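Chemist: Take this structure first; my questions come after.
The values are calculated or read from the model by the stated rules, or taken from the named source; none is laboratory data. Bear in mind the structure is a predicted one, so any value in this text is a computation, not a measurement. We place every Cβ from the backbone using ideal geometry, glycine too, and count neighbours over all the protein chains shown.
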Amino acid sequence: MIPIKPQPEPDDFDEKVRKEGLAFLSKVPNPKTKEWRDYWVKSLPDLYKSYNKICAYSAQWISRPEGNPTVDHFLPKSAKPELAYEWHNFRLACLTLNNKKGTELDVIDPFELPVNSFILDFPSLIIKPNPELLYPLKERVISTINRLELNDYDKCIDGRLEWLKTYYEDNSSFDSLKRKAPFIAYELERQGLVEVDKIAKIMGVR
């Protein structure tokens with residue numbers, strides 16, 4: 001997980017999403033999920049483009065349609081229905097991590113994340129809190145890792161390994177890795193492991 005710069009609201013967002021959504025909500029104050037989803041989902045193409053197709057929580061590219069990009073309400077719509085149609089409350093998230101986050105409030109906001117809060121261990125590819133963090137930030141980072149199960153092998157670690165393999169086995173460019181898996185690329189740079197031979201050796205390939 002890396003810091004994300006909030007992107008500006010699209011010019012047609014107010015007409016396309018906010019006004020229609022709030023008008024619906026005023027008529028149906030306790031809607032079923034599918035009913036009020038019909039309005040915020042209109043913003044998904046803009047969200048997907050504005051955030052370079054990168055999941056806010058995994059910091060990896062979400063393919064479409066296989067990766068299932070979704071609109072995550074950072075502050076849950078069940079708790080803050082007035083924010084259900086507000087661009088600033090939307091985060092682009094893959095379906096898996098959106099579901100894991102659910103309506104819980106213990107996940108740190110990538111819009112407010114200090115740099116180097118999460119670090120990546122090589123060769124395990126386990127995400128850890130930076131040991132230099134102080135509480136309460138460290139506690140928030142740990143709760144985020146646990147809530148999103150960022151170290152689940154099948155769902156997350158194996159995915160990180162595939163991106164890394166594409167880099168050191170398939171001769172993918174580092175710029176491509178930066179675009180598709182920016183957290184991994186950032187950690188390779190921070191740890192001085194950008195050279196293919198270095199990371200391949202650490203990963204036990206050479």
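Chemist: Which of the residues spanning the range 158-184 are under 29 Å from K100 (Cα atoms) and more than 15 Å from the chain's Cα centre (by Cα)?
Modeler: First, pick out the residues of the range 158-184 that are under 29 Å from K100 (Cα atoms): 158-167, 176-184.
D158, L161, E162, W163, L164, K165, T166, Y167, S176, L177, listed by residue number.
Chemist: Condition test on Y57, is it closer than 20 Å to I145 by Cβ, outside the structural domain of V141 (by TED's automatic domain parsing) and in a loop (DSSP other than H, G, I, E, B)?
Modeler: Working: closer than 20 Å to I145 by Cβ: yes; outside the structural domain of V141 (by TED's automatic domain parsing): yes; in a loop (DSSP other than H, G, I, E, B): yes.
Yes; evaluated as a whole, the condition is true for this residue.
Chemist: May I ask you to say which residue of P136, P114, P123, P129 is farther than 18 Å from P3 by Cα and not hydroxyl-bearing (S, T, Y)? Walk me through how you get there before you give the answer.
Modeler: Values: P136 fails: farther than 18 Å from P3 by Cα; P114 fails: farther than 18 Å from P3 by Cα; P129 fails: farther than 18 Å from P3 by Cα.
It is P123.
Chemist: Using the structure shown, decide if V17 is within 29 Å of K180 (Cα to Cα), in contact with a helix residue (DSSP H, G or I) (Cβ under 9 Å, 6 or more places away or on another chain), assigned to a strand (DSSP E or B) and not hydroxyl-bearing (S, T, Y). If you could, list the steps in order and put the result at the bottom.
Modeler: Details: within 29 Å of K180 (Cα to Cα): yes; in contact with a helix residue (DSSP H, G or I) (Cβ under 9 Å, 6 or more places away or on another chain): yes; assigned to a strand (DSSP E or B): no; not hydroxyl-bearing (S, T, Y): yes.
Taking the combined requirement at face value, the residue does not satisfy it.
Chemist: Now, a different point. Give the residue, chosen from Y85, Y39, that is surrounded by 13 or more Cβ atoms within 10 Å (Cβ to Cβ), at pLDDT 95 or above and either under 22 Å from A185 (Cβ atoms) or not assigned by TED's automatic domain parsing to the domain that holds T166 (or both). Steps first, answer last, please.
Modeler: Values: Y39 fails: at pLDDT 95 or above.
Selected residue: Y85, the only one of Y85, Y39 that is surrounded by 13 or more Cβ atoms within 10 Å (Cβ to Cβ), at pLDDT 95 or above and either under 22 Å from A185 (Cβ atoms) or not assigned by TED's automatic domain parsing to the domain that holds T166 (or both).
Chemist: Go through (1) assigned to a loop (DSSP other than H, G, I, E, B); (2) at pLDDT 95 or above and name the single condition G67 misses.
Modeler: Of (1) assigned to a loop (DSSP other than H, G, I, E, B); (2) at pLDDT 95 or above, only one is false for G67: (2).
Chemist: Right, here's the next one. Hey, among Y168, Y153, Y135, which residue is of a type in the set (F, W, Y) and buried (at least 17 other Cβ atoms within 10 Å of the Cβ)? Spell out how you get there, then give the answer.
Modeler: Working: Y153 fails: buried (at least 17 other Cβ atoms within 10 Å of the Cβ); Y135 fails: buried (at least 17 other Cβ atoms within 10 Å of the Cβ).
Checking each option against the conditions leaves just Y168.
Chemist: Still on this structure, please answer the following. Scan the range 42-58 residue by residue and report those that are of a type in the set (A, V, I, L, M, F, W, C) and either touching a Cys at 6+ places or on another chain (Cβ under 8 Å) or loosely packed, with under 15 Cβ neighbours inside 10 Å (or both).
Modeler: Keep residues of the range 42-58 that are of a type in the set (A, V, I, L, M, F, W, C), which gives 44, 47, 54-56.
Selection gives C55 alone.
Chemist: I would also like to ask the following. All but one of (1) surrounded by 19 or more Cβ atoms within 10 Å (Cβ to Cβ); (2) over 30 Å from V205 (Cβ atoms); (3) assigned by TED's automatic domain parsing to the domain that holds L47 hold for V107, so report the exception by its number.
Modeler: Unmet condition: (3).
Chemist: Within 27 Å of W163 (Cα to Cα), of a type in the set (D, E, K, R) and surrounded by 14 or more Cβ atoms within 10 Å (Cβ to Cβ) - does that describe any residue in the range 111-127?
Modeler: In the first step, residues of the range 111-127 are kept if they are within 27 Å of W163 (Cα to Cα); the result is 111-127.
Among the residues that remain, those that are also of a type in the set (D, E, K, R) are: 112, 121.
When the remaining residues are screened for being surrounded by 14 or more Cβ atoms within 10 Å (Cβ to Cβ), the result is none.
No, the range 111-127 contains no residue that is within 27 Å of W163 (Cα to Cα), of a type in the set (D, E, K, R) and surrounded by 14 or more Cβ atoms within 10 Å (Cβ to Cβ).
Chemist: Something else about it: Output the residues belonging to the range 23-34 that are crowded, with 16+ Cβ neighbours inside 10 Å and part of a helix (DSSP H, G or I).
Modeler: If the condition is that a residue be crowded, with 16+ Cβ neighbours inside 10 Å and part of a helix (DSSP H, G or I), then F24, L25 are the ones that fit.
Chemist: For the range 153-206, which residues satisfy the criterion of being part of a helix (DSSP H, G or I) and hydroxyl-bearing (S, T, Y)? So that I can check it myself, show each step before the final result.
Modeler: First, pick out the residues of the range 153-206 that are part of a helix (DSSP H, G or I): 153-168, 174-180, 182-190, 196-202.
Matches in the range 153-206: Y153, T166, Y167, Y168, S176, Y186.
Chemist: May I pose another question? Among the listed residues L150, L161, L177, L137, identify the single one that is outside the structural domain of W61 (by TED's automatic domain parsing) and in contact with a Cys (Cβ under 6 Å, 6 or more places away or on another chain). Give the steps one after another, and end with the answer.
Modeler: Values: L161 fails: in contact with a Cys (Cβ under 6 Å, 6 or more places away or on another chain); L177 fails: in contact with a Cys (Cβ under 6 Å, 6 or more places away or on another chain); L137 fails: in contact with a Cys (Cβ under 6 Å, 6 or more places away or on another chain).
Just one listed residue meets the conditions, L150.
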